[in-house]
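This report concerns only the one structure given below.
The values are calculated or read from the model by the stated rules, or taken from the named source; none is laboratory data. Since the structure is predicted, the reported quantities are computational estimates derived from the model, not experimental observations. When we count neighbours, we look across all protein chains shown, and the Cβ atoms used for this are built from the backbone with ideal geometry, even at glycine. Quick note on the areas: whole protein, heavy atoms, side chains included, nothing else; ligands and nucleic acids left out. Shrake-Rupley method; radii C 1.70, N 1.55, O 1.52, S 1.80 Å.
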Amino acid sequence: MDQMKRAYTLLKDWKGDSYVHGLGVLDQVGPLAAKFGKRALVVSNTTYMKPVADRVVSYLNAAGVELAGNMIAPDAKPNAPREDVYRLESYILHTKPDCIVVIGGGSAIDAVKAANALATLGAKVTPEIDHYFGTNVVSKSLDETGSSLLPVIAVQTSASSGAHLTKYSNVTDPVAGQKKLIVDNAVVPTVGLFDYETTVSMPISVTIDGALDAIAHTFEVFCGAKEETYEKAREIAECAISLVAEYAKVLVDDPKNVKAREAIGLATDLGGYAIMIGGTSGAHLTSFSLVDIVSHGTACGIMNPYYAVLYSKAIQKQLKVVGSIFAEFGFGSSVDNLEGKELAVAVAEAMIAFSKSIKAPTKLNDLKGFSEAHIQRALNAAKDPQLEMKLKNMPVPMSSSDVDAYMEPLLRSAASGDLSLIKAM
């Protein structure tokens, strides 16, 4: 089966005309923005992303759209620190644009989502970002105040989080070293645009992170899928994981390979689709406590094999599907005759073998700066009511009272690489 063609069909069926993607589509940003008015606040990195930002500005100008404030607002640092959210809120309030065009990866787009909500609601509800963390708080506040967010055109430049397609905004408190989430359909960008050719200039570390993020999103949603979403989650996971397993190593060896760039871009887009029909769970929850030492996708890539063993009793069907995909591309052997924890360990080992093939870390002790403090931070975060959704999304829902009994051994396992330490739920 042509998995790239399958990916385009899945994404078209999902997003329709609200998503423009493929090779050579960046010039469509001008006409898209012109539908919302004559003044756009452009948010972008202006160093290594300057060539792309300059092209976007030229396409806007050609469509009769001027820069609000006659400037490009600097985007957010990695993991969308809260001070960058407040800074971008200030740009929105001062320049009064008709729409926002954000150019970048997940951090830039997530920061704009949160800043847009603050700029709209800060004077009417509260200017404190903490209030909006959790599920549907922004939508509730918009309804109560009769407000609406500015249109956002999210120009993705990195095959990574799928932020240009989703309802999630991750924001980090750098002092605490902890991420928190806004989860709300109100913050889904009005239009997403992804020209996969723009990823050619991305560092290989970003490519690896994106490939692991695509697996994480689709695998976690598939593992937690309910009966009504199981078949769609399976179809998305099969397609995305197949694309990553086939093309990620191609990109590590040849970063300029445009077909492979397209494949990984499609896989991460499917990851965005997945998290709109179901939730991520354990690996994502743990990743929020590792933001000071590792990028998001890589953190999830490290953790998912270990969570696969933790969930093994509840995800036997899913493990058969995923294990067969990795075996098809040379990672591990056939899982047809395996079951129970033996099946989970085999799939975990295949996932670890894949990560090694793209030179990604496979245990927490591989990370420079990892310490006991990160384990304690992750355990404490798992008990935070604002992150409870991740516990509930687990294939075997966990309560905060279960965290020490099950998650601590799992974290010890992930630190050392010893799968035998995990107590299956």
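Whether any residue in region 65-76 is in a strand (DSSP E or B) and charged (D, E, K, R) is what I want to check.
Looking only at region 65-76, we keep the residues that are in a strand (DSSP E or B), and these are 66-74.
Keeping just the survivors that are charged (D, E, K, R) gives 66.
Within region 65-76, one or more residues are in a strand (DSSP E or B) and charged (D, E, K, R).
Just give me the residues in region 132-155 being out of contact with any Cys (no Cβ under 7 Å at 6 or more places or on another chain), touching a residue at least 60 places away in the same chain (Cβ under 8 Å) and either of a type in the set (S, T, N, Q) or surrounded by 24 or more Cβ atoms within 10 Å (Cβ to Cβ) (or both), in sequence order. Across region 132-155, the qualifying residues are Thr135, Val155.
Could you tell me whether region 229-236 includes any residue that is open to solvent by 10 Å² or more (accessible area, probe 1.4 Å), out of contact with any strand residue (DSSP E or B) (no Cβ under 9 Å at 6 or more places or on another chain), closer than 19 Å to Lys356 by Cβ and among the aromatic types (Phe, Trp, Tyr)? No, every residue in region 229-236 fails to be open to solvent by 10 Å² or more (accessible area, probe 1.4 Å), out of contact with any strand residue (DSSP E or B) (no Cβ under 9 Å at 6 or more places or on another chain), closer than 19 Å to Lys356 by Cβ and among the aromatic types (Phe, Trp, Tyr).
The residue list Asn304, Asn365 contains one member that is polar (S, T, N, Q), under 17 Å from Ile208 (Cα atoms) and in a helix (DSSP H, G or I), which is Asn304.
When region 393-417 is filtered for residues that are assigned to a helix (DSSP H, G or I), without any contact (Cβ under 8 Å) to a residue 60 or more places away in the chain and open to solvent by 60 Å² or more (accessible area, probe 1.4 Å), the ones remaining, listed by number, are Ser400, Ser401, Asp404, Arg412. In region 27-50, which residue that is of a type outside the set (Lys, Arg) and free of Cβ contacts under 8 Å to residues at least 60 places away in the same chain is least open to solvent (accessible area, probe 1.4 Å)? Top of the filtered list is Gly30.
Against the conditions (1) touching a His at 6+ places or on another chain (Cβ under 8 Å); (2) open to solvent by 10 Å² or more (accessible area, probe 1.4 Å), Gln376 satisfies every one except (1). For region 290-308, the candidate set comprises residues that are modelled with pLDDT of 95 or more and among the polar types (S, T, N, Q); within that set, the residue that is surrounded by the most Cβ atoms within 10 Å (Cβ to Cβ) is Asn304.
Among the residues of region 161-182, count how many are part of a loop (DSSP other than H, G, I, E, B) and surrounded by fewer than 23 Cβ atoms within 10 Å (Cβ to Cβ). Working first, answer last.
First, pick out the residues of region 161-182 that are part of a loop (DSSP other than H, G, I, E, B): 161-162, 166-167, 174-177.
Restricting the remaining residues to those that are surrounded by fewer than 23 Cβ atoms within 10 Å (Cβ to Cβ) gives 167, 174-177.
Of the residues in that region, 5 qualify.
Of all the listed residues (Glu220, Glu262, Glu231, Glu235), the sole one being more than 27 Å from Met394 (Cα to Cα), in a helix (DSSP H, G or I) and at pLDDT 95 or above is Glu262.
Every condition in (1) part of a loop (DSSP other than H, G, I, E, B); (2) at pLDDT below 95 is met by Gly37 except one, and the failing one is (2).
Going by the structure shown, is Ser324 in a helix (DSSP H, G or I), free of Cβ contacts under 8 Å to residues at least 40 places away in the same chain and surrounded by 16 or more Cβ atoms within 10 Å (Cβ to Cβ)? Here the answer is yes, as Ser324 does meet what is asked. Screening Val57 against (1) assigned to a helix (DSSP H, G or I); (2) open to solvent by 30 Å² or more (accessible area, probe 1.4 Å) leaves a single unmet condition, (2).
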